[in-house]
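Written below as structure tokens is the structure these notes are about.
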Amino acid sequence: MRTLLLLLMACTGHPKPGPGGGGGDGAGDDTAPVGTGSGGGQGDDTAAPPEQPVLPAVPDAEDLDPDDDVVHVRLTAAPATHTITDWRTGESRIVEGYAFNGVVPGPTIRAKVGDRVIVDVENGLDVPTTVHWHGLDVPVEMDGVPWMRAPIGAGETHTYTYTVEQAATAWYHPHFDTVHQVDLGLYGVFVVEDPAEPGADRDMVVVMDDWSELQGDAAYADEVHGAHGMEGWWTANGAVSPALPVVGGETLRLRVLNASNHGYLDLSMEAARVLARDQGLLPALEAVAGEVLGPGDRVELLVQPAGADLTLLDAPYSLNGGEAHGETAARLELPLSGPAAAAADLGWELSGAAPSADPGRTDITWTFQGSMHHDDWMISGERFPDVTIPEVPLGEELIIEVRNLSATEHPFHKHGAHFEVLSIDGVAPPYKRVEDTVNIPLFGAARLRVLPTRPGDWMTHCHILPHADGGMMTVLRVTDD
Ligand code: C2O
Ligand code: CU
């Protein structure tokens, strides 16, 4: 009896119906979720309709310092069990993973430009870890890479401290056994706000990740691929295809992060616009159509529901130029409640800035190479840590060309200094675009302009984490003499 009850609970373990739930009349098959595999006929009134979860809100990290210009937070990395439930089928996947402060995504750290940030990181894992501040330009000893500084041992606590200088939707994650630790749930968003910008009615983080059956299994520790090749379930803030109810006329700023260790998203959403990518507001708004978001990349969406339900769609995407498999899926649904209302006026001042002119010279060329078959990944013929380290002087503009000669795409990420994208495959963006992570197309190239503002040895790598783990990582030395 007890076993049966537990089983029953496991099968129906989705959130309780909200007010008004389940009261639908008629067949209403236009509201039926995609992929509902129920064999029950529509006359069966004993089967409760599957209940779509609401997008879980990610908690903000508690600021322990009363000073307005200081943000002091505490992160504890520890083992945690994640249960991912597909509400459309009732199936669950249980992952023995990790979490910061017991939640995945970890708490959102919010600071404003110019704030002093102090983060105490307690390592409650039985393996070493670090925290890297992806997208924040911090002093090299605070960058959280074990290249220069020992990781945080099991049971130890380490304090990171730095000042945040640029508005961004950044994120944090370990940089030690990154391929597994990120995949098992250690990540969170770090929002640096610009107080001069008008606030949206709702400013929310939406963290996408995919979860495979293998994650957390005993075999997983030896599995360099992570979830590679396995069918993953995509979640938004931990829920499969949740709903975010909206009202007409409101303005939402959705900060979307792809925290997956290898999976790409190809996003589109009617009536939404791209407000920003990695590093602050863009000079212009763009439609959200085919927004390719590789692992580690972010995009901010400005959503102004007016008179219709909206859906964040993810189309199948091929990394190797072949046919994309699968079907377009709804990653987040935004049902409209209440009356239609016109979208409010935009209060954002977008500068319209044009991209910088490409000076034509190339200071550094990095070429992504390798093959999937042996998990053998290189940059310019070298496999980390056996790499040649170019040295460049502090404060001098650097033109980097990243080429891709392998049969798959790669998201390029650089630590220590963000960059402006001058061109991708020879085409300049329509406006100035500042990033820290950018996708390099198949057999393509990106030209990037960097101003190194901090001395040190800075990691540079592909953010498909199994590729980085397989050697697709190098170092740039910025010298101050
Ligand atoms: Cu998000 Cu070197 O990493
Ligand atoms: Cu790669």
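Select from segment 163-190 the residues that are part of a strand (DSSP E or B) and either buried (at least 24 other Cβ atoms within 10 Å of the Cβ) or within 16 Å of ligand 1 (Cβ to nearest atom) (or both) and list them in ascending order.
Answer for segment 163-190, where residues must be part of a strand (DSSP E or B) and either buried (at least 24 other Cβ atoms within 10 Å of the Cβ) or within 16 Å of ligand 1 (Cβ to nearest atom) (or both): ALA168, THR169, ALA170, TRP171, TYR172, HIS173, GLY188, VAL189, PHE190.
Here are the criteria: (1) open to solvent by 60 Å² or more (accessible area, probe 1.4 Å); (2) over 28 Å from TRP234 (Cα atoms). Tell me which single one MET142 does not satisfy.
(1)
How many residues does segment 438-472 contain that are part of a loop (DSSP other than H, G, I, E, B), more than 13 Å from ligand 1 (Cβ to nearest atom) and under 23 Å from GLU165 (Cβ atoms)?
5
Quick one: how many residues across segment 347-384 are within 16 Å of ligand 2 (Cβ to nearest atom) and in contact (Cβ under 8 Å) with a residue 24 or more places away in the chain?
Total satisfying the criteria: 16.
Consider segment 387-416. How many of its residues are surrounded by fewer than 17 Cβ atoms within 10 Å (Cβ to Cβ) and modelled with pLDDT under 95?
So the answer is 1.
Could you check, for segment 227-236, whether at least one of its residues is modelled with pLDDT of 90 or more and open to solvent by less than 10 Å² (accessible area, probe 1.4 Å)?
Yes, segment 227-236 has at least one match.
Per-residue answers, yes or no, for (1) under 24 Å from VAL434 (Cβ atoms); (2) more than 13 Å from ligand 1 (Cβ to nearest atom); (3) touching a helix residue (DSSP H, G or I) at 6+ places or on another chain (Cβ under 7 Å):
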{"position": "ASN101", "(1), (2), (3)": "no, yes, no"}
{"position": "THR108", "(1), (2), (3)": "yes, yes, no"}
{"position": "ILE118", "(1), (2), (3)": "no, yes, no"}
{"position": "HIS132", "(1), (2), (3)": "yes, no, no"}
{"position": "VAL138", "(1), (2), (3)": "yes, no, no"}
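Suppose we filter segment 429-481 for residues that are open to solvent by less than 10 Å² (accessible area, probe 1.4 Å) and among the basic types (Lys, Arg); how many remain?
Looking only at that region, the number is 0.
Can you find a residue that is in contact with a helix residue (DSSP H, G or I) (Cβ under 9 Å, 6 or more places away or on another chain), more than 23 Å from VAL274 (Cβ to Cβ) and not β-branched (Val, Ile, Thr) anywhere in segment 428-451?
no
Output yes when any residue across segment 125-138 is modelled with pLDDT of 95 or more and of a type in the set (Gly, Ala, Ser), and no when none is.
So far as segment 125-138 goes, yes, one or more of its residues are modelled with pLDDT of 95 or more and of a type in the set (Gly, Ala, Ser).
Within segment 125-139, track down each residue that is buried (at least 17 other Cβ atoms within 10 Å of the Cβ) and either of a type outside the set (Ser, Thr, Tyr) or within 16 Å of ligand 2 (Cβ to nearest atom) (or both).
If the condition is that a residue be buried (at least 17 other Cβ atoms within 10 Å of the Cβ) and either of a type outside the set (Ser, Thr, Tyr) or within 16 Å of ligand 2 (Cβ to nearest atom) (or both), then LEU125, PRO128, VAL131, HIS132, TRP133, HIS134, GLY135, LEU136, ASP137, VAL138 are the ones that fit.
From the set of residues in segment 350-386 that are of a type outside the set (A, V, I, L, M) and within 16 Å of ligand 1 (Cβ to nearest atom), which is surrounded by the most Cβ atoms within 10 Å (Cβ to Cβ)?
TRP377
Name the pairs: first residue in segment 391-410 and within 30 Å of SER318 (Cα to Cα), second residue open to solvent by 60 Å² or more (accessible area, probe 1.4 Å) and within 16 Å of ligand 2 (Cβ to nearest atom), Cβ to Cβ under 7 Å, at least 6 apart or on different chains?
ASN404/PHE443; LEU405/PHE443; ALA407/ASN320; THR408/ASN320; THR408/MET372
The values are calculated or read from the model by the stated rules, or taken from the named source; none is laboratory data. Since this is a predicted model, take the numbers as computed values, not measurements. When we count neighbours, we look across all protein chains shown, and the Cβ atoms used for this are built from the backbone with ideal geometry, even at glycine. All accessible areas refer to the heavy atoms of the entire protein, side chains included, with ligands and DNA or RNA removed. Shrake-Rupley method; radii C 1.70, N 1.55, O 1.52, S 1.80 Å.
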